[in-house]
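Bear in mind these aren't lab numbers, they're just calculated from the coordinates by the rules spelled out. Remember, it's a predicted structure, so these values are computed and weren't measured experimentally. As a convention, Cβ positions derive from the backbone with ideal geometry for all residues, glycine included, and neighbour counts pool all protein chains shown.
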Ligand SMILES: Nc1ncnc2c1ncn2[C@@H]1O[C@H](COP(=O)(O)OP(=O)(O)O)[C@@H](O)[C@H]1O
Ligand SMILES: [Mg+2]
């Protein structure tokens, strides 16, 4: 029983980072119909920004702030420079563009910074664990859970209460009609990218604090996981992306924790099979709409 | 579409133009060495540093007039983009360019892909840092290893653990690469053969970031392990270590050369006491210390990985083989290479004679102490203890 | 047929989808305070005209003049800010937003909160059912209620002119009557309306003037009375097929 509670805490912490990433991906998808495969590179940008700030001898807190701001700025820049010019060229073109952006960023990181990982030391207080009622909760785990809760709460308030937030939800349902409400398409899309940058930046800080280094290709795997989470939750559904992130984390942690040793080599395939099974039962995803309202 | 393609093409061309060049002047009696490496993509962290070491060695050799003082080396570099199919294509191009020796990628799959092309053309080839001991046998008599083999490293680590009186081992492996899978398996084999008890073997996926499930499992083990061994490297090793220590597990942690990186030394308290193996320790007055100084002089920054040094080693071995052969003929070089003994390289000495093209070289153990590297010792295990590949 | 008094005039409008020319040089105009109806069979090009006027599809030729300004080629969000809006075919309310949120977003272009609240109470008075359903998700409303919400949402921006695309589509006859009564009431409160319909009889009953579109071109135009009196409308319809 205790182990189950402990592993649940573990899954919640992991699910938090998945959820943040997936939500960012879903945010952009919902307004643009684009799965931005360069999303993971935003985490890498956060990492390098932190690295440069720390190398300059500034405190860790400043590095975190600069890292997150860098991710937001990069996301908005990506939209302005790469995606806006091809926005009307169809989703396939935009998808290819996002691959190109990702590849170009990899090359820039590898050739202008280093192909080798750069160390990103985190303060010792982040590495410890708290023992609460007999359960270990790592400080980073705790930060992950609380940052996710905080961001999801803030984002919910923004999406429910502010006109721009309501406009973003409307845009995710029917973009042309949202424009008929007098809402500026560029504004909505730019905001979606900014939010996706914020979420990727925060997820990036949490991820980087665990791994202790930044390297050019580190964004690839997280964006893959986030993509699975988004599809699992239902493409275009924001709450679905969050649910998909947590579901994926629970599946992964449960398999790694409770699978018999002989089965361990197949845990990734079993996890994917479970995801596919869920999608067979609910092809539109956990919270996806049955059909697009267009 | 056309715009993004244009960008992509331009960026790639620029990157390749940076990587493809020849050093030395193209005279008739130049000795041509080809390098088919993954200078972009996932192998760049290994092949880029190797290339830097190779270039440093060539600079030094050519400054002294070339191999044997008379034959300058010309290096032809081609990028495989870390793609196995491209590794074969690029190797064929190098054969067509008339290279006499080929250096291939650090990862086994592209190394084999390039190696079989060189083998067919009867050109000796060497992987600067692939550590799988079966690689030369998999390709054929023209393929050589350069780097410390996994089974050798594992044996040194296991002997050390037993000598420290450690009894119960937990081993964490990943089946994603031969390195992360086999090295811990060799360790478990030797550790058990030396009377130790392997309590459990855990598995991870490269890049999984979250090790909380594995750590919770380790906490539940009986008996508790007093030594934990893994060949995980960045980003997995730091994440695993942090979560392990956060859970209050204090067992001795043993790692392999993959964690020989500034990241490990930047981890702070959690890394304290970690012991890892690698290809050499730059003690005062050692050839490796001299190498590090030369590296910094050429590149303007300190060397941050042993892969530059082993690239340098590979080039020195090639030069030694050519000089011993007294010929640029592939078969002659191959035979001379296979009989090299005690070649002085940056990390120590290397011997190929009688080793089936997998060199004997020293394994150094290092300990992390106060964020610094402390030399535990250099080891050359008894061949009878090394598990068969 | 440029008309000095026209609030909106469309001159020689051409709309293309790839090789298909859906609208081939249509002219029409709407004066302040009028209900003008644009009739035509399915596929005649009615929606294409409205969408082109609003900037939702590109104007391939001709002009769209609103209050003397050529707005052809401007994006929809800009045209809405100029005081013209469209209630699209099929209603297209934001299904996962509440009724109240749908109305709020309709007023996204307006800054003065007090004035927005005034318009909102106005609309809730005109469409009392929406007041009852305030906090319900729009997707759960009936078809007629959704149509009312779509119209009310358009009115929230206080437009000078509203384009209504087939408000009767798919609704039961009594509901259609209610909707048309509401349209008349909107006009009585000062709105100007361009009404696209397939329900010829009802449309001509409430309209001042009408146009009949066949195969992308205006086949017939006149006052509503003339058009209903002559049998020409039916003939023009037939000509479309
Ligand atoms: N987005 C589109 N792409 C291609 N053809 C279209 C598109 N929209 C409408 N059409 C075509 O244009 C013609 C006019 O359509 P439409 O304007 O919707 O007519 P109406 O509203 O009068 O029924 C039809 O032949 C229709 O098939
Ligand atoms: Mg229509």
Rounded to the nearest 10, the angle in degrees between the Cα long axis of helix B:84-96 and the longest principal axis of the Cα atoms of chain B comes to 30 degrees
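Where both partners of a DSSP beta bridge lie in segment C:87-241, what percent of those bridges are antiparallel, to the nearest 5?
Of those bridges, close to 55 percent are antiparallel.
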Whole-Å distance linking the alpha carbon centroid of segment C:7-22 with that of segment A:169-222 is 37 Å
Hydrodynamic calc, segment B:69-126: Kirkwood Rh from Cα pairs, then Stokes-Einstein at 20 °C with viscosity 1.002 mPa s, so D in µm² s⁻¹ is 188 µm²/s
With Rg from the Cα atoms and Rh as the Kirkwood inverse mean 1/r over Cα pairs, segment C:93-197 has an Rg/Rh of 0.93
With Rh as the Kirkwood radius over Cα pairs, segment A:192-294 has Rg/Rh of 1.02
Relative to chain B, whose Cα atoms define the longest principal axis, helix B:178-193 and its Cα axis are tilted in degrees, nearest 10, by 50 degrees
One would report the antiparallel percent of DSSP beta bridges in the protein assembly as shown, rounded to the nearest 5, as 50 percent
In whole angstrom, the spacing between the Cα centers of segment B:68-127 and segment B:202-252 equals 38 Å
Yeah, segment A:13-216 with a ≥ b ≥ c from its alpha-carbon gyration tensor (a/c under 1.5 is rounded, else prolate when a/b outruns b/c, oblate otherwise) is oblate
With no solvent term and unit scatterers on the alpha-carbon positions of segment C:128-180, Debye gives log₁₀ I(q)/I(0) at q = 0.17, 0.22 Å⁻¹ of -0.55, -0.90
Classified through the alpha carbon gyration tensor (a ≥ b ≥ c as square roots of its eigenvalues; rounded if a/c is under 1.5, else prolate when a/b is larger than b/c, else oblate), segment B:264-389 comes out oblate
Per the 1/(1 + (r/R0)^6) rule, R0 = 35 Å and r from the Cβ atoms of residue B:85 and residue A:84, FRET efficiency to 0.05 is 0.50
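Of all the Cα-Cα pairs you can form in segment A:106-184, what percent are over 20 Å apart?
Everything past 20 Å amounts to 64 percent.
Can you tell me the relative contact order of segment B:142-252? Whole percent, Cα pairs under 8 Å, sequence separation 6 or more.
31 percent
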Beyond 15 Å, the calculated P(r) of segment B:287-349 holds a percent of Cα-Cα pairs equal to 54 percent
Helix-only [θ] at 222 nm, the protein assembly as shown, -39500 (n - 2.57) per DSSP H run of 4+, per residue, nearest 500, equals -16000 deg cm²/dmol
If each part is reduced to its alpha-carbon centroid, segment A:230-245 and segment C:120-160 end up apart, in Å, by 30 Å
All alpha-carbon distances of segment C:32-118, grouped into 10 Å bins from 0, give the whole-percent distribution 14, 38, 36, 12, 0
Dividing the mean separation of Cα pairs under 8 Å (6+ apart) by the residue count of chain A yields a relative contact order in percent of 35 percent
Cα convex hull volume per residue for segment B:18-158, in Å³, equals 116 Å³
With bins of 10 Å, the percent of all Cα-Cα pairs of chain B per bin from 0 is 5, 23, 32, 24, 12, 4, 0
Here the Kirkwood hydrodynamic radius of segment B:219-283, Cα-based and in Å, equals 12.4 Å
In whole Å, largest first, the alpha carbons of segment A:147-223 cover along the principal axes 47, 25, 16
By the C-alpha gyration tensor axes a ≥ b ≥ c (rounded if a/c is under 1.5, else prolate when a/b exceeds b/c, else oblate), the shape of segment B:125-194 is prolate
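Could you work out the Kirkwood radius for the protein assembly as shown, taking every pair of different alpha carbons, averaging 1/r and inverting it, reported in Å?
31.7 Å
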One would report the Cα pair-distance distribution of segment A:15-125, bin width 5 Å, in %, as 2, 11, 19, 21, 19, 14, 8, 4, 1, 0
One quarter of the C-alpha convex hull surface, i.e. the mean projected area of segment C:3-239 in nm², amounts to 12.5 nm²
Note on chain C: contact order normalised by length, alpha-carbon pairs under 8 Å, 6 or more apart, percent, works out to 26 percent
If one compares the long axis through the Cα atoms of helix B:306-325 with the longest principal axis of the Cα atoms of chain B, the angle in degrees, nearest 10, works out at 40 degrees
